[in-house]
1. Can you give the calculated 222 nm mean residue ellipticity of chain A, where each DSSP H run of n ≥ 4 adds -39,500 (n - 2.57) and the sum is split over every residue, rounded to the nearest 500 deg cm²/dmol?
2. Considering only B:A101, B:L74, B:P152, whose Cα is most displaced toward the positive end of the charge dipole of region B:53-203, charges sitting on Cβ of Lys, Arg (+1) and Asp, Glu (-1)?
3. From the square roots a ≥ b ≥ c of the eigenvalues of the alpha-carbon gyration tensor of the protein assembly as shown, which class results: rounded (a/c under 1.5), prolate (a/b over b/c), or oblate?
4. Looking only at region B:98-139, which residues have a backbone nitrogen under 12 Å from a spot 7 Å from the Cα of A:S130 in the C-beta direction?
5. Provide the FRET efficiency to the nearest 0.05 for the B:I76-A:R120 pair, computing r from the beta carbons and using R0 = 30 Å.
6. Size of the dipole of the protein assembly as shown about the Cα centre, Lys and Arg at +1 and Asp and Glu at -1 on the beta carbon, nothing else charged, in debye to 20?
7. Does region A:30-209 come out rounded, prolate or oblate by the C-alpha gyration tensor, with a ≥ b ≥ c the root eigenvalues, rounded set by a/c under 1.5 and, if not, prolate when a/b is larger than b/c and oblate if not?
8. Under a 5 Å amide H to amide H cut-off, with H placed in plane at 1.01 Å, what residues pair with A:L195 once short-range neighbours are removed?
Amino acid sequence: MIALGILILAAVLLLVLTLWRRRSPATLRHIEAYERLNREVGLAVENGTRLHISLGRGNLFTSRGGSALAGLSLVRRVAERTSVSDRPPIITSGDAALTILSQDTAQSGFRAAGAEEQFRVSAERMTGLSPFSYAAGTMPITRDENVSANILIGDLGAESALLTEVADREDTSLIAASDNLSAQSIFYASAQEPLIGEELFAAGAYVGAGASHEASLQVQDVLRWLVILAILGGALLKMAGFNF
Amino acid sequence: MRVFTAAFAIASGLIVLLGYFFPILLLSRLRLILTDWAIVIAGFSVLIGIFNLIAVQMERIRTRQKGSAYGALLVISLIFTFGIGLLLGPDDAFMKLAVDAIIVPVEAALMAILSITLIYASIRLLRRRVDLTTVLFLLVAVLFLLAIMPTPFGPIPGDQFILDIAGMFSRGGARGLLIGIALGTLLTGLRVLFGIDRPYGGN
């Protein structure tokens, strides 16, 4: 029942705050990685280079699917913003269902920008189904396809070190976020501005995906405070001798 | 069509979610049916994904892009292995040999490269960013390695103390990160459930 209560609370807050944010957009705190991302999108269009978005291996039938869906929100906005370029972004994933959704999402982005003819189905690729085959299939893209920035966002594991290494070797920008703790520590060591923890889910809000994404961040803040209060309250009750 | 796909996706999501919370027989049966459908679709999506992989490589070969020879090798190997797998079955000795003699060694080699890459990344970290958290990050990583690594003289003195103290902070930090990720996943799921984000059938 607690889980259902949290779910209902989150749903109500999300709907209410989305309506509110449509009237007054939120002021978001500065996150350097997303500032850089917005810059890189503009630079790629101006310079005629490509962006590479790696969505990882987040299977949509598992709890890892959340990070993949957050990545798809980013794909939608990036596709829309780069639709004026003759070099569409390349989107790679290590899960077949995610590849199909990335094609659909990118096409939606191009359609929304009135440039559906720019959409190329071959720009959304499944590069491998196992962690290392995915990394091995993705690495040449940074080297061979005139990529100026790599955006790794989704469920990636230790194999992401191979992707960050090739990005560094090719002297391309790297913006990286994952829901996996191993990958987060790798990104901390290798990305210029790493995104830690739930900052992954803020991608949509920072690329202007809409009021619902800003509202999501606010609901996360509210729920985070409730979790903090629950932890502190539980610790105090335990110290007072209550067993539960 | 777009309205239908959205309505179907939202209804399916709600039925599965409600079936999880309320043990009503009809909901449970519907939930199982929908989950079965999802599994079948996932199976077919793998075939589509492999077709995508072949199509991308064929385009590289056709346009004679850099590294297209590797693409040709991949397509030939894929078709050959798939054909043999269909004819002989996945338990055949040849199929096991393909896994044990090619896939496992290649992945092991990549794992070895990965460990060197990680050492190199940690060396470069101080060149890239010098602040308190970076120094702390490297210090804890080195202390952990010292505490868990085997030495000719046995464990280093104070290894358990290092693991307990550093482990306490790192476990707490990891839980904090995971709670944040869980909340982000919850809100992302809700946006899809309400049809606000629709990564299917156009949006």
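None of the figures in this text is laboratory data; all of them are computed from the coordinates on show. This structure is a prediction, so every number in the text was calculated from the model and none was measured. Neighbour counts run over all protein chains shown; Cβ positions are idealised from the backbone, glycine included.
1. Estimated from H runs of four or more residues: -19000 deg cm²/dmol.
2. Checking the options against the dipole of region B:53-203, the answer is B:L74.
3. Verdict is rounded for the protein assembly as shown.
4. In region B:98-139, the label zone of A:S130 (backbone N under 12 Å from the point 7 Å along Cα→Cβ) covers B:98-111.
5. Using R0 = 30 Å, I get an efficiency of 0.75.
6. I would put it at about 780 debye.
7. Verdict is rounded for region A:30-209.
8. For A:L195, whose amide H was placed from the backbone, the distant partners under 5 Å are A:A176.
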